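Here is the structure we will look at, set down as structure tokens.
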Amino acid sequence: MALSLQDRTVLVVGRGSGIARAITLSARARGARVVVAGRDQAALRAAYEDPGVEAETVDLNDDTTIAALAERLGQVDHVVSTASARARGLLADLDREALRRSFDTKVIGPAILAKHFAPHIADDGSFVLFSGVAAFKPVIGYLGVAATNGAVDFLTRSLALELGPIRVNAISPGVIDTGIWDSFGEEGKRAYFDDLRARNPARRIGTVQDIADAVLFAMTSPFLTGVTLRVDGGEPLT
């Protein structure tokens, strides 16, 4: 039987838009109290008009802010980390700082989150981390992204072993229609999506709701742990 989110506390680390927002709204629809946390508390607070959504400050590159947030919040039931700092580019263009920032934000930061929040989570609670399709389908120009996401997968399994019965799972999105692709320009984005849509087995582009639904499944499935859910339309198969 799926666990209920009614009156449970869910911490969502990330921005007030895109996937993080979809997760927040979906959890609220299930009756959860949601705390959204990121570097810009004011922007997060402005993103929601729901009194059931509280905004907090945290920086996944700063251990002291993680420890302070855990101390302020006390008991929580689920922690979701959506934050990322993508180290995109060809090998010749990558630098150490970009790779370090990517790992700090998506691997080391969530590990420190787990360190400080695990003592505050009930046995039926969970952590949900974020990997990504590049870990399963290498693409030129995404070396840093792939290495980071691969590390998230191993972190997920290691934490599931060490923190049990608290569950730890990861979500691996494929290409999702969020604002991140707007940098391609309207025509560029359309061409990219059309090409991907024609090739992937699902024959469509993912939505933020697809990912939010997967996160809620991970949070509420009591026998699911140490798993990376690949919500990617079958993209790695092509």
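Just a few scattered comments:
- Strands (runs of 3 or more DSSP E) within the stretch 53-160 that include 3 or more residues of a type outside the set (Val, Ile, Thr) and in contact with a helix residue (DSSP H, G or I) (Cβ under 7 Å, 6 or more places away or on another chain): 121-130
- Every residue from the stretch 1-15 that is touching a helix residue (DSSP H, G or I) at 6+ places or on another chain (Cβ under 7 Å), in a loop (DSSP other than H, G, I, E, B) and closer than 19 Å to Arg72 by Cα: Gly14
- Of all the residues in the stretch 4-16, those that are in contact with a Ser or Thr (Cβ under 9 Å, 6 or more places away or on another chain), at pLDDT 95 or above and open to solvent by 30 Å² or more (accessible area, probe 1.4 Å) number 1.
- Scanning the stretch 213-238 for residues that are of a type in the set (Phe, Trp, Tyr) and not in a loop (DSSP other than H, G, I, E, B) yields one hit, Phe217.
- Any pair with Cβ under 6 angstrom, 6 or more apart, that starts in the stretch 100-124 at a residue that is touching a residue at least 24 places away in the same chain (Cβ under 8 Å) and ends at one that is open to solvent by 40 Å² or more (accessible area, probe 1.4 Å) and assigned to a helix (DSSP H, G or I): Ile112/Asp63
- Boolean, Leu129 is in contact with a strand residue (DSSP E or B) (Cβ under 9 Å, 6 or more places away or on another chain), surrounded by 14 or more Cβ atoms within 10 Å (Cβ to Cβ), over 22 Å from Ile211 (Cβ atoms) and in contact (Cβ under 8 Å) with a residue 12 or more places away in the chain: no
- Within the stretch 16-34, the only residue that satisfies the criterion of being within 16 Å of Val208 (Cβ to Cβ), in a loop (DSSP other than H, G, I, E, B) and touching a residue at least 60 places away in the same chain (Cβ under 8 Å) is Ser17.
- Within the stretch 197-207, the set of residues being within 19 Å of the chain's Cα centre (by Cα) and in a loop (DSSP other than H, G, I, E, B) comprises Ile205, Thr207.
- Meets criteria (surrounded by 19 or more Cβ atoms within 10 Å (Cβ to Cβ) and free of Cβ contacts under 8 Å to residues at least 60 places away in the same chain) for Gly38: yes
- Options Arg21, Arg45, Arg30: the member that is touching a Lys or Arg at 6+ places or on another chain (Cβ under 8 Å), on the phi < 0 side of the Ramachandran plot and open to solvent by 50 Å² or more (accessible area, probe 1.4 Å): Arg21
- Considering residues of the stretch 164-192 that are in contact with a strand residue (DSSP E or B) (Cβ under 8 Å, 6 or more places away or on another chain) and of a type in the set (A, V, I, L, M) only, the residue surrounded by the fewest Cβ atoms within 10 Å (Cβ to Cβ): Val175
- Single residue of Asp194, Asp210 found to be assigned to a helix (DSSP H, G or I), of a type in the set (Asp, Glu) and either touching a Leu at 6+ places or on another chain (Cβ under 8 Å) or closer than 28 Å to Thr9 by Cα (or both): Asp210
- Looking only at residues in the stretch 143-163 that are in contact with a strand residue (DSSP E or B) (Cβ under 9 Å, 6 or more places away or on another chain) and among the small types (Gly, Ala, Ser), the one that is nearest to Gln209 (Cα to Cα) is Ala160.
- Members of the stretch 76-94 found to be without any contact (Cβ under 8 Å) to a residue 60 or more places away in the chain and of a type in the set (A, V, I, L, M), listed by number: Ala85, Leu90, Leu91, Ala92, Leu94
The values are calculated or read from the model by the stated rules, or taken from the named source; none is laboratory data. Predicted, not measured: the structure shown is a model, and the values here were computed from it. All Cβ positions, even for glycine, are placed from backbone atoms using ideal geometry, and neighbour counts span all protein chains on display. These accessible areas exclude ligands, DNA and RNA; they are computed on the full protein's heavy atoms, side chains included. Shrake-Rupley method; radii C 1.70, N 1.55, O 1.52, S 1.80 Å.
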